[in-house]
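Each remark here refers to the structure printed beneath this line.
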Amino acid sequence: MPTFKTLASCFVLVRTTTISHFAALHFEACPIQHNGNTTMKRLIAATVVVAIVGLAASAIAADATGTWKWTTSFGGQSRESTAKLKQEGDKLTGVYVGGQSNSETPIEAASIKGDTVSFSVTRERDGQKFTTKYSGTLKDDTITGKSERQRDGQAQSSDWVAKRQK
């Protein structure tokens with residue numbers, strides 16, 4: 001005679017349906033097996049496969065390596081800026097190229113977590129240091145987010161869209 005434990009572990013979820021906003025689960029009992037409970041082994045194997053696929057998908061993070069360009073507008077003027085980024089795991093390094101002299105400045109406080117990219121650029125002009133913080137979401141060849149800076153003691157924020165150059 002089969003035990004309750006054997007019968008309970010043998011039920012398999014066939015499908016779910018929604019009836020008037022209530023979920024109805026439909027179970028189908030499998031025949032009692034005397035060969036080591038193959039159904040349970042299959043269920044465990046399927047669960048392991050789903051977990052591995054889920055972990056692999058989350059491990060494939062966005063890659064920020066490349067040359068990124070965007071245009072910044074302020075005071076009625078537009079300037080093209082460039083960031084040359086290199087990603088190794090979750091470490092992000094690189095340089096910012098822009099400003100009036102179009103010179104290279106190392107990026108600071110750079111990171112990538114999943115598809116979120118962030119870094120800061122500190123530049124000096126007329127003996128004063130100015131820091132701009134960039135953060136955004138990387139999808140394919142575009143980073144979309146915000147740039148934030150202090151100007152005349154006031155925090156300023158603007159949309160930031162950078163495109164990877166090919």
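Yes/no matrix, rows are residues, columns are (1) in contact (Cβ under 8 Å) with a residue 40 or more places away in the chain; (2) among the polar types (S, T, N, Q); (3) touching a strand residue (DSSP E or B) at 6+ places or on another chain (Cβ under 7 Å):
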residue: 71; (1), (2), (3): no, yes, yes
residue: 84; (1), (2), (3): no, no, yes
residue: 93; (1), (2), (3): no, yes, yes
residue: 114; (1), (2), (3): yes, no, no
residue: 121; (1), (2), (3): no, no, yes
residue: 126; (1), (2), (3): no, no, no
residue: 150; (1), (2), (3): no, yes, no
residue: 156; (1), (2), (3): no, yes, yes
Every residue in the stretch 50-70 that is at pLDDT below 90 and either closer than 30 Å to residue 151 by Cα or of a type in the set (S, T, N, Q) (or both), please. 58
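The values are calculated or read from the model by the stated rules, or taken from the named source; none is laboratory data. From a predicted model like this one, the values you see are computed outputs, not experimental measurements. Neighbour counts run over all protein chains shown; Cβ positions are idealised from the backbone, glycine included.
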